[in-house]
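Asker: I have a structure I would like to understand better, so I am pasting it below and will then ask my questions one at a time.
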Amino acid sequence: MSTTIPFIKMHGLGNDFVVIDARAAAIPAMTPAVARALGDRRTGIGFDQLILLEPSDAQDFRVRFFNSDGSEIGACGNGSRAVALLHGAPATVETGGGTLRLEPLDGGARVDMGAPRFDWDAIPLAFSMDTFTMPVGWEDLEDPMAVNVGNPHAIFFVDDADAVELDRLGPLIEHDPLFPERVNVNVASLAGPDHLTLRVWERGAGLTRACGTGACATAVAAIRRGLVKSPVRVTLPGGDLVIAWEPGGTILMSGPATTSFRGTFDWDDYAAGTAG
């Protein structure tokens, strides 16, 4: 007998998600192959990330994130805002990247993303290196900062983020052996004393209209380098996020989230012929 699975399609600044709520009713085990099949924009539902809500013994509930290529990741900032909006009340949730605190706001949410990590083996990098100004480069992209905010990010500050061939350089950097778990690639430009413009090549998803963890990592990097002061407005192709962080503290991210539509799918349509 086939299994019908309800889902909610949501987005945060155009970064889109399929949310499956398995807190009350269990579903078959999610596999990379099923997530990849669902994520195909031509033959599946299509998404940047799939978000799976599950029960948790330690927190209010558990949130798992899968990229459109089927890989599971530890954190997704825009997705966390979508979850907060869907849940409709403050919550503390378990993720692969650590514990997050969510608070819905009018039209969006604020998420405490936890404390950033800067040690080379917390990014992780393949070998010991200064992560404040990494002595590496790929063509004109040089001297990035590395920050882990539940997933790994390399941040490059450039004169004009829009001029960077991120669709070409992004995958080269993502898959460089320096990053054993791959990396999200951020290129940012200074737009004011508390304002950055940002484009992101997202690990496992490619170019994206918005990346919440990328905005967090980039704001933290810019604050550490003395380029901006908190709170920081980060303008992505899909719109603006506000990131607040003080050294030694946790990152607060605020921004919109929206429900697009609801639907169902037949699990067997996507599980047939796949291998986890």
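Asker: Would you give the gap between the C-alpha center of region 1-73 and the C-alpha center of region 204-228, rounded to a whole Å?
Answerer: Cα centres, region 1-73 to region 204-228: 24 Å.
Asker: Something else about it: So which GluC sites (Glu not before Pro) in region 44-141 are both in a DSSP loop and have at most 15 other Cβ atoms within 10 Å of their Cβ?
Answerer: Glu139
Asker: Would you work out which of Ile251, Val149, Ser128 lies farthest towards the positive end of the dipole of the chain, given +1 charges on the beta-carbon of Lys and Arg and -1 on that of Asp and Glu, about the Cα centre?
Answerer: Of Ile251, Val149, Ser128, it is Ile251.
Asker: First obtain the Kirkwood hydrodynamic radius of the chain from its Cα pairs, then insert it into the Stokes-Einstein equation at 4 °C and 1.567 mPa s, and state the resulting D in µm² per second as a whole number.
Answerer: 69
Asker: I've got another one for you. Given springs between every Cα pair under 10 Å in a Gaussian network model of the chain, which of Ser56, Ser71, Ser128 has the largest fluctuation?
Answerer: In this elastic network of the chain, the residue with the biggest mean-square fluctuation among Ser56, Ser71, Ser128 is Ser128.
Asker: Something else now. Stokes-Einstein D for region 120-249 at 4 °C, 1.567 mPa s, Kirkwood Rh over Cα pairs, in µm²/s?
Answerer: 91
Asker: Out of the DSSP beta bridges found with both residues in the chain, what percent are antiparallel (nearest 5)?
Answerer: 80
Asker: Hey, another quick one. Could you sort the peptides 217-225, 34-42, 155-163, 235-243 by per-residue average Cβ neighbour count (10 Å cutoff), highest mean leading?
Answerer: The densest-packed peptide leads the list: 217-225, 235-243, 34-42, 155-163.
Asker: Suppose we take every Cα in region 9-168 and form the convex hull; what volume per residue is that in Å³?
Answerer: Spread over its residues, the Cα hull of region 9-168 gives 152 Å³ apiece.
Asker: Could you quote the convex hull projected area for region 141-213, Cα atoms only and averaged over all directions, in nm²?
Answerer: That works out to 4.8 nm², a quarter of the Cα hull's surface.
Asker: Take peptides 245-252, 191-198 and line them up by average Cβ neighbours within 10 Å, highest first, as a rough protection proxy.
Answerer: Per-residue Cβ counts within 10 Å, averaged per peptide and sorted highest first, yield 191-198, 245-252.
Asker: Follow-up. State log₁₀ I(q)/I(0) for region 95-193 at q = 0.14 Å⁻¹ as given by the Debye formula over alpha-carbon point scatterers of equal weight, solvent excluded.
Answerer: Log10 of I(q)/I(0), two decimals: -0.61.
No lab work stands behind these numbers, since they all come straight from the coordinates. Bear in mind the structure is a predicted one, so any value in this text is a computation, not a measurement. Don't worry about glycine lacking a Cβ; one is built from the backbone with ideal geometry, like all the others, and counts go over all protein chains shown.
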